[in-house]
């Protein structure tokens, strides 16, 4: 890690001592930034994902503008299904819409077994290019959707309220579900390994839809494959973060998945979760993203509650409990980052680690 | 309760001994029933709510057809905002859309202080009529949205993903939010009292949007007003059920709200929650509603897991963890009810109550 000028994020992932709490923001390379929207005027979302120069440009924007302690490569979790042969359109305000959702054995047979080094080369190129352009300022995070979350998108085909299609499939044809989840797991592991090889300093697995499952089904259809991906990712000291939205249960099991860091949404109590699993993993989160709609005093008050909730010592990466919203004022994001950088010094001390 | 032929539901609410676990299903009077759709062909959703004869007819359908142990009056939580002057359209597959959402002081000033006995007389008439037609077969449940949930609909004006409007309002103008929540609380308490007066044997408060709040905000903006409603409802032995979807936290506080029963969504572990608060309140729930998409064997297997999770003794009301979905086969709902009625006998015994 010696080549990095700021490795606070990586140290916190490993619970090594830090001078202050590192902060980054999910979806920090996004529509709330006028600089991002300017790039977006030139190209649609999918073209941006496919073009390393544009992806690198927007990835670095929040490092320059907002002052975050880590960059996360601009991309989309759906590049994996896309490479496997499932085309989709990204429709503003509606999200992704797949041309042909996966519903049965015949649909599953059409899935291509891909080689990320070849079929997702454009992402790896974006990672290498971004890494060069960051020039060691902050670490770069790569990411993938969890197998369950990718599977859910592939089966539903678009945003859903009740997730009827994917639930019908797991209850009525669990064999097919497991077969496809296995294939996605292998692909996601190869993909994350390739990103690390290309220069990513850490990887995050987004399990956006883990929370729609009952506790038993979460273990069977989501957690199991998250663990499988982590065990198969080729890495040296690069940490793995798992963000399982809405998963307030099975925290001990998540902490035993092989992940170094567990990301929490804003309905969780950071302090309580630390008591449960904080000796095994670091924690990332968890300010309510809508707090950034408030005035600066309220933002500071709420950010301080998050710092207080985690308490003293390393092992906390400040973040929102979900992605930053597109209509947030960038000045508010800046104010949050500035405040956390200053205030968190009081939660860290040279011997903080031994105090724990 | 002596006039009721089947008072299992009411006894379970009070943790009195029962021969078997009672079952009813949220949204049991709904689109999954062909008999309901036939009535719906004659009148739109809002007209059905406004017409006591139609409301009574569809309320009783699931008692006859599915065999549930309680009826819940067919209505909508938005009748309160409607009576307060906020008109809305109910758009199939999109849900309610208010003509003028509540966003500021001026909007709030337009809200009428209503008298449910007069302004919501049609609901009370539906309750009395249904009560007569049920003729003591099963208890009748009345309901209201929680103040927070009604407020959320009134401010957002329609379904929402990020709840930006209501969050902006509580963070930037909490005084206004509290003023309106106070008014809604008084109205909801009067409304539930009037329903009990008209014959409802129990009432349920639906806190559909409690789970979008952080833990502190839930206490300040939702739980506080739920407790206020419960303390103001005029009742004798009629139990109050609180269903707070997505609220996996503050369970002890919910159990201390004055509610007799806490309803749980399907992500909760019934047995664990019973250990925490089962000595204070009964529990209702919590089969994943999408399990009804499965075959009958799977439905039975999953229903048995729910019974096992609660374990022996009274204090459990079987239900889904959310409303039944419109595309479920009614035969599957029937199979669930039949199975729970038979199987749950093994979880109850004459001295079950003293065993606990």
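Every number in this text was worked out from the coordinates using simple rules, so none of it is lab data. Keep in mind it's a predicted model, so treat the numbers as computed, not measured. Note: ideal-geometry Cβ built from the backbone for every residue, glycine included; neighbour counts use all protein chains shown.
Here are a few things to note about the model shown:
- Between B:125, B:115, B:190, the GNM of chain B built on Cα springs shorter than 10 angstrom shows B:115 fluctuating the most.
- Principal axis extents of the Cα atoms in segment B:136-176, from largest to smallest and rounded to whole angstrom, are 50, 23, 12.
- Tensor-based shape of segment B:53-182 (alpha-carbon gyration tensor, a/c under 1.5 rounded, otherwise prolate or oblate): prolate
- For the pair residue B:64 and residue A:125, a Förster radius of 56 Å applied to the C-beta separation gives a FRET efficiency near 0.30, rounded to the nearest 0.05.
- Across the identical copies, how the residue A:42 labels are spaced - nm, sorted shortest first, 7 Å along Cα→Cβ: 6.5
- Ranking of B:99, B:248, A:316 by count of other Cβ atoms within 10 Å, fewest first: B:99, B:248, A:316
- Inter-chain shielding of B:209-217 (mean C-beta neighbours from other protein chains, 10 Å cut-off): 5
- A point 7 Å from Cα along Cα→Cβ stands in for residue B:109, and the other copies hold the same point at 6.9 nm, listed in rising order.
- Inter-centroid distance (Cα atoms) of segment B:230-290 relative to segment A:300-322, Å: 30 Å
- For chain B, modelled as a GNM whose springs connect Cα atoms under 10 angstrom apart, the maximal fluctuation among B:244, B:128, B:164 occurs at B:164.
- Exposure proxy for A:84, A:268: other Cβ atoms within 10 Å of each Cβ, ordered fewest to most, give A:84, A:268.
- When you restrict to C-alpha pairs under 8 Å that are six or more residues apart and normalise by the size of chain B, the relative contact order lands at 23 percent.
- Cβ crowding within 10 Å, taken as a proxy for footprinting-reagent exposure, orders A:154, A:90 from fewest neighbours to most as A:90, A:154.
- Axis-nearest residue of B (beta carbon) for the B-onto-A rotation, whole Å: B:248, 2
- Rounded Å value of the spacing that divides the Cα centres of segment B:29-88 and segment B:142-187: 24 Å
- Acute angle (nearest 10 degrees) that the helix B:330-343 long axis makes with the longest principal axis of chain B, alpha-carbon atoms: 50 degrees
- With the label put 7 angstrom out from Cα along the Cα-to-Cβ vector, residue A:280 ends up 2.9 nm from the copy partners, going from closest to farthest.
- Among beta bridges that DSSP assigns inside chain A, antiparallel share in %, nearest 5: 15 percent
- Calculated on C-alpha atoms, the gyration radius of segment B:8-355 divided by its Kirkwood radius gives an Rg/Rh of 0.95.
- Using the alpha carbons alone, the radius of gyration of the protein assembly as shown stands to its Kirkwood radius in an Rg to Rh ratio of 0.98.
- Helix axis angle, A:174-198 relative to chain A longest principal axis, alpha carbon, degrees: 50 degrees
- For a label point 7 Å along the Cα-to-beta-carbon line of residue B:173, residues of segment A:262-305 with backbone N under 13 Å: none
- Comparing mean-square fluctuations of B:156, B:301, B:82 from a GNM of chain B with C-alpha springs under 10 Å, the top value falls on B:301.
- A helix-only calculation puts chain B at -13000 deg cm²/dmol for mean residue ellipticity at 222 nm, using -39500 (n - 2.57) for each DSSP H run of at least four residues, averaged over all residues.
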